[in-house]
Amino acid sequence: MGLISHNEAMALIEGRHGNVFSALGYSAEAERVVALVPDAERVWLLGNNEAIEMQSVVPGLFAVRWQGGLYRLRAQNAQVTWDFEDPYRFAPVLGQIDEYLIGEGKHKALWKVLGAHVITHDGHRGVHFATWAPEAKRVSVVGGFNNWDGRRHQMRRRGATGVWEIFLPGLQPGEAYKYEILGADGRMMPTKADPVGFGAQHPPETSSVVRELGLHPWSDGAWMTRREAAQDIHAPISIYEVHLGSWKRDWADGGRPLSYYELASDLLNYVVDMGFTHIELLPITEHPFDGSWGYQPIGLYSPTIRHGRPEEFAAFVDEAHKRGLGVILDWVPGHFPTDEHGLRQYDGTPLYEHGDPREGFHQDWNTLIYNFGRREVKNYLLANALFWLQEYHLDGLRVDAVASMLYRDYSRKDGEWVANKFGGRENLEAIEFLQEVNSEAYGGAQGIMTVAEESTAYPGVSHPVHAGGLGFGYKWNMGWMNDSLRYFSRDPIHRKHHHNELSFASSYIYSENFVLPISHDEVVHGKGSMIGKMPGTDVEKFANLRAFYAFQWAHPGKKLLFMGQEFAQWTEWAQAEALHWHLLQHKPHQGVQQLIRDLNRLYKTLPALHWGDCEPQGFGWIDADNADQSVYVFERRAPNVDPVVICANLTSQDRTMRIGLPQGGSWVEILNTDSGHYGGTNWGNLGFIEAQGERAMGRDHSAEIYLPPLAVVYFTPG
């Protein structure tokens, strides 16, 4: 009898063996070595100081008698001879505990065992690959290192967990690779990028790339120590939302986007100068289509190569921290694209997604929905959240499209959705997933914050999990955003009929911990820019916009502004371009930019403007009902400090009027959006007002003030 049967040899060479580690490599029982080298004509075993030529069993498969001991292989064809280590002589890498935790869906550090890791194993440096494909008949890692031949490096199946692994000695970082998967029905799947890959090729190429984690030496200890206080509900949080690819471009180099290193200089310098406390990045998780802005990611564990390698992204975050800036990532666990090289039908079955399109397909975005009820899928996403917080020291996650996760009938007609087990519309599995993510994130990374983009009235989004809430730190206030934008887009002459659009938010402003967002969503898809939404002449548009921003910064809630709106870009955002920085040659645009600087400065330095963003004691109306004059007067306050009184005149007519004040004495006009510094007409109160003991608006003290048209004025005791 030969060293290996013809049937087994053919199964190996045709890639349908099913258990290659039982046949390839060294077998002590059979006293043989079998090597699969499809592109070789001759192969030798190198061991015991000799070279033994192996027998060609069938073309590409070689065998030889061997009684044990270390060996290498030498292969030859008409073009080249090469020596290599036999990957099938190495023991498994994954341990039983890892295997158990993966099977149970409880491996919180999943990225440390799945994916492609550069390691030293049995004395040899190489790359360990592991992926989850439970229904696959075969999984192979393929790349240029094996001529993309799925027969060469067929992986070892690890029991019932559905994990496949292989160690490839000698492989180096920077290698492109994919997984070739033979599905349960015998159908060969399109080659797949690694779901836990740490790097990727430049689009439109679709392979994963071997990258090492932990190459960047962190030096942000001071920030990490104090960030819990910096992200507390009582702290000033002012967020600059950024799409890295279009903030600026290098026109001297073909209009390319800036690198992470360049952004660590140019962008961070700008954000510090503008006075923001945080940067929020539109998704930098790897994505195939630029036009998705990152919201259709495939490489959830990979910072996009568009700006550099993983260690360069880490350097960007580190530099932000050294400058006192928090970094928030837009995180997308709600859906994923249908690209063939992604998660769709990963092992030939609906593995990550639901099989039923009524549960597993987003009609709005033509994307697939994760199966939150499957423990391994929940584990994959939960570990991904912890990955960004722990490996890259990110300070928060803003979770995209939470409303679409919470409701099974989201954007669906009757008959197009499946009720939960109680017959309701709530997605109970997604709710449990979000609660678990928040619990683990806050427990696994000290001082972070999570933010929900949630547009419905779902109760308790930012309430603790133990109290029945979802456990987010903050929630975007979409109601405030919609009402205030609707109000400010109206002709001032009609605003008196819609006075409650600005005052209504006070009825619920403390039901959640809110962020007031003017995000990218408000300046795309034909919605125009912020300055474009404002009514009137150009002069009136700028006055309205300045008043809007001053109102936003005075209103309870943390602040968020999308890039370009801080200097009143005229056109809506376009991801393929850069911001229109040339507009800053003009004084009106300079004025809006300076206003944002000053608003951030006041917001950070005056506790009355930020302490009570999420505390009812921090806000009080002085006059909420002056609809005829479209005037609003309210105060912001904090314990043991001076209050700030805000007066807004949102008509085109100037006004002199008496307002109530919390106390007597001199009050300083600390901000006036009509100031000449901001491009206004410079009408105001000559810097201060004097409060007398004359009762007005329910207060024992009052003062006569002048309110310019379309302006907001801040006062604080002098």
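Could you sort the peptides 281-288, 262-269 by per-residue average Cβ neighbour count (10 Å cutoff), highest mean leading?
In decreasing order of mean packing, 281-288, 262-269 become 281-288, 262-269.
What's the exposure ranking of L12, L545, going from fewest to most Cβ atoms within 10 Å?
If I rank by nearby Cβ atoms, fewest first, I get L12, L545.
Please list, in chain and number order, the residues 5+ apart from R138 or on another chain whose amide H is under 5 Å from its amide H, with Hs placed from the backbone.
For R138, whose amide H was placed from the backbone, the distant partners under 5 Å are L182.
Which ³J(HN,Hα) values in Hz, rounded to whole numbers, follow from the phi angles of region 59-65 under the Karplus curve 6.51 cos²θ - 1.76 cosθ + 1.60, where θ = phi - 60° and Gly and Pro get x?
Working through the residues one at a time gives x, x, 10, 10, 9, 7, 5 Hz.
Sequence-distant or interchain residues sharing an amide H contact under 5 Å with R655, placed H: which?
Close amide H contacts, sequence-distant or interchain: L707.
Given H placed on each backbone N at 1.01 Å, which residues far from W331 in sequence or on other chains put an amide H within less than 5 Å of it?
R398, V399, D400
Mind checking the full-extension length gain between R187 and R72? Use 0.36 nm per residue of separation minus the Cα-Cα distance, one decimal, nm.
Contour length minus the Cα-Cα distance gives 38.0 nm.
Please arrange W683, W553 by how many other C-beta atoms lie within 10 Å of their C-beta, fewest to most.
If I rank by nearby Cβ atoms, fewest first, I get W683, W553.
Give me the distance between the Cα centres of region 406-452 and region 491-547, rounded to whole Å.
Taking the Cα centre of region 491-547 as reference, the centre of region 406-452 is 30 Å away.
Using the alpha carbon gyration tensor of region 284-347, what are the three equivalent-ellipsoid semi-axes (square root of 5 times each eigenvalue), largest first, in whole Å?
26, 12, 10
Mind sorting W611, W480, W581 by how few other Cβ atoms lie within 10 Å of their own Cβ, fewest first?
W581, W611, W480
Using a ≥ b ≥ c from the Cα gyration tensor of region 69-143 (square roots of the eigenvalues), is it rounded, prolate or oblate, where a/c under 1.5 gives rounded and otherwise the larger of a/b and b/c decides, a/b for prolate?
Prolate, since a/c reaches 1.5 and a/b exceeds b/c.
Label region 562-718 by shape, choosing from rounded, prolate and oblate, from the square roots a ≥ b ≥ c of the eigenvalues of the Cα gyration tensor; if a/c is under 1.5 it is rounded, and otherwise prolate applies when a/b is larger than b/c, oblate when it is not.
It is prolate, given that a/c is not under 1.5 and a/b is the larger ratio.
Can you give the extra length, in nm with one decimal, that the chain gains between V524 and K496 once fully stretched, where that is 0.36 nm per residue apart less the Cα-Cα distance?
Fully extending the segment from V524 to K496 adds 7.2 nm.
Need the C-alpha centroid separation for region 563-618 versus region 220-235, integer Å.
Between the Cα centre of region 563-618 and that of region 220-235, the gap is 23 Å.
Decide, for region 6-89, between rounded, prolate and oblate: order the square roots of the alpha carbon gyration tensor eigenvalues as a ≥ b ≥ c, take rounded if a/c falls under 1.5, and otherwise choose prolate if a/b is larger than b/c, else oblate.
Verdict is oblate for region 6-89.
Rounded to whole Å and sorted largest first, what semi-axes of the equivalent ellipsoid does the C-alpha gyration tensor of region 96-209 yield via the square root of 5 times each eigenvalue?
Result for region 96-209: semi-axes of 20, 18, 14 Å.
Towards the positive end of the charge dipole of the chain, with charges on Cβ (+1 Lys, Arg; -1 Asp, Glu), say which of F90, G373, Y487 has the farthest Cα.
Farthest towards the positive pole: F90.
Using Cα centres only, tell me the gap between region 632-687 and region 259-321 in whole Å.
If we compute the Cα centre of each part, the gap is 38 Å.
Aspartates and glutamates near K496 by alpha-carbon distance under 13 Å, same-chain residues fewer than 8 away left out - which ones?
D625, D628
Based on the Cβ-Cβ distance of R375 and N269, what FRET efficiency does E = 1/(1 + (r/R0)^6) give at R0 = 41 Å, to the nearest 0.05?
About 0.35, to the nearest 0.05.
Could you tell me which label, among (1) -0.65, -0.83; (2) -0.44, -0.57; (3) -0.49, -0.63, carries the value of log10 I(q)/I(0) by the Debye sum over Cα atoms at q = 0.06, 0.07 Å⁻¹ calculated for this structure?
(2)
Could you derive backbone 3J(HN,Hα) for region 265-282 from the dihedral phi with the Karplus parameters 6.51, -1.76 and 1.60 (θ = phi - 60°), listing whole Hz in sequence and x where the residue is Gly or Pro?
9, 5, 5, 5, 4, 5, 5, 5, 4, 6, x, 5, 9, 9, 10, 10, 9, 3
Give me the extension gain from D356 to T456: residue separation times 0.36 nm, minus the current Cα-Cα distance, reported in nm with one decimal.
Stretched out fully, the D356 to T456 stretch lengthens by 33.5 nm.
Mind ordering 585-595, 181-191 by average Cβ neighbours within 10 Å, highest first?
585-595, 181-191
Go through region 622-636 residue by residue and turn each phi into a ³J(HN,Hα) via Karplus (6.51, -1.76, 1.60, θ = phi - 60°); whole Hz please, and just put x for glycine and proline.
Karplus values, whole Hz, x for Gly and Pro: 9, 8, 9, 10, 8, 5, 4, 9, 6, 10, 10, 10, 8, 10, 10.
Where a number appears in this text, it was derived from the coordinates with a stated rule and is not lab data. Please read these numbers as outputs of a predicted model, since none were measured by experiment. Reconstructed Cβ throughout: ideal geometry from the backbone, glycine too, with neighbour counts over all protein chains shown.
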